[in-house]
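What follows is a set of notes on a single structure, which appears directly below.
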Amino acid sequence: MSETPNNQSHFFAYLARMKYIVRWGLMRNTRAENIQEHSLQVAMIAHALALIGNSQFGENHDVGRIVTVALYHDASEIITGDLPTPIKYFRQDILASYKALEAHAERKLTGLLPSELQSAFADVIESERIEPAVSRVIKAADSLSAYLKCVEERRAGNTEFQRAEQYLREKLDGMTDLPAVRYFRDYFVSGFELTLDDLSHD
């Protein structure tokens with residue numbers, strides 16, 4: 001059994017704070033959503049998209065890598081917070097500044113790790129190391145997760161998310177380069193319109 005090191009890492013203590021970072025900060029929510037639960041849902045959807053792409057459309061995704069990167073895709077928000085989309089994309093200079101801050105936050109997080117682990121974690125946390133094909137699937141899963149949040153809010157009687165739902169639906173419609181997105185929507189999204197009683201009597 002190895003000895004306890006003198007310099008303890010705070011990496012996982014930081015990650016545990018993901019549950020305190022609330023999404024959709026400008027919107028009235030019937031139920032708050034934090035980035036920890038969001039990251040799990042994105043990883044689950046990304047896993048499905050990768051598997052569907054491989055099995056149904058002849059693609060060649062590294063499923064394990066996609067799932068792992070998805071789990072950490074919002075980790076930098078522990079430091080930056082969740083900047084609402086209308087602010088992030090309001091002007092190009094704001095977006096560029098936020099991307100620089102995000103990259104700094106990612107490096108700060110990986111820098112908390114013991115040196116022998118830093119490179120391996122940087123490969124799944126630092127955006128500049130993520131392959132475009134992997135990012136594409138995770139961004140699609142992220143949009144699907146956001147769309148499902150809008151559906152759930154509408155089902156709960158909250159009209160606050162109507163415009164966001166329309167925007168995300170149109171965004172997903174445009175993802176013709178990832179046929180797994182349409183497959184996922186065709187097979188799985190309608191269930192989010194149902195109550196528990198409806199689901200249990202399926």
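Tell me yes or no: at least one residue of segment 28-46 is at pLDDT 95 or above, in a loop (DSSP other than H, G, I, E, B) and β-branched (Val, Ile, Thr).
The answer is yes, given that some residue of segment 28-46 is at pLDDT 95 or above, in a loop (DSSP other than H, G, I, E, B) and β-branched (Val, Ile, Thr).
Which ones in segment 124-141 are touching a helix residue (DSSP H, G or I) at 6+ places or on another chain (Cβ under 7 Å) and open to solvent by less than 50 Å² (accessible area, probe 1.4 Å)? Talk me through it step by step, then tell me what you get.
We begin by selecting, within segment 124-141, every residue touching a helix residue (DSSP H, G or I) at 6+ places or on another chain (Cβ under 7 Å); these are 124-130, 134, 137-138, 140-141.
If the condition is that a residue be touching a helix residue (DSSP H, G or I) at 6+ places or on another chain (Cβ under 7 Å) and open to solvent by less than 50 Å² (accessible area, probe 1.4 Å), then Val124, Ile125, Glu126, Ile130, Val134, Val137, Ile138, Ala140, Ala141 are the ones that fit.
Pairs please, first residue from segment 2-23 and under 21 Å from Lys149 (Cα atoms) and part of a helix (DSSP H, G or I), second anywhere and modelled with pLDDT of 95 or more and of a type in the set (Ser, Thr, Tyr), Cβ atoms under 9 Å, 6+ apart in sequence or on different chains.
Met18/Ser39
Quick one: which of Leu199, Leu117 is hydrophobic (A, V, I, L, M, F, W, C), open to solvent by 50 Å² or more (accessible area, probe 1.4 Å) and out of contact with any helix residue (DSSP H, G or I) (no Cβ under 8 Å at 6 or more places or on another chain)?
Checking each option against the conditions leaves just Leu117.
Return yes or no: is Arg182 farther than 25 Å from Arg65 by Cβ, of a type outside the set (A, V, I, L, M, F, W, C), open to solvent by 40 Å² or more (accessible area, probe 1.4 Å) and assigned to a helix (DSSP H, G or I)?
Against the criterion (farther than 25 Å from Arg65 by Cβ, of a type outside the set (A, V, I, L, M, F, W, C), open to solvent by 40 Å² or more (accessible area, probe 1.4 Å) and assigned to a helix (DSSP H, G or I)), Arg182 does not qualify.
Across segment 89-114, what is the number of residues that are more than 30 Å from Tyr167 (Cβ to Cβ) and open to solvent by 20 Å² or more (accessible area, probe 1.4 Å)?
Of the residues in that region, 5 qualify.
Kindly indicate the residue of segment 149-176 that is touching a residue at least 40 places away in the same chain (Cβ under 8 Å) and part of a loop (DSSP other than H, G, I, E, B) and also least open to solvent (accessible area, probe 1.4 Å) among those meeting that condition.
If we take residues in segment 149-176 being touching a residue at least 40 places away in the same chain (Cβ under 8 Å) and part of a loop (DSSP other than H, G, I, E, B), then Asn158 is least open to solvent (accessible area, probe 1.4 Å).
The values are calculated or read from the model by the stated rules, or taken from the named source; none is laboratory data. In this text, all values refer to a predicted model and were calculated from it rather than measured experimentally. Positions of Cβ are generated from backbone atoms using ideal geometry, with glycine treated the same way; all protein chains shown enter the neighbour counts. Just the protein is used for accessible areas: all its heavy atoms, side chains included, with ligands, DNA and RNA removed. Shrake-Rupley method; radii C 1.70, N 1.55, O 1.52, S 1.80 Å.
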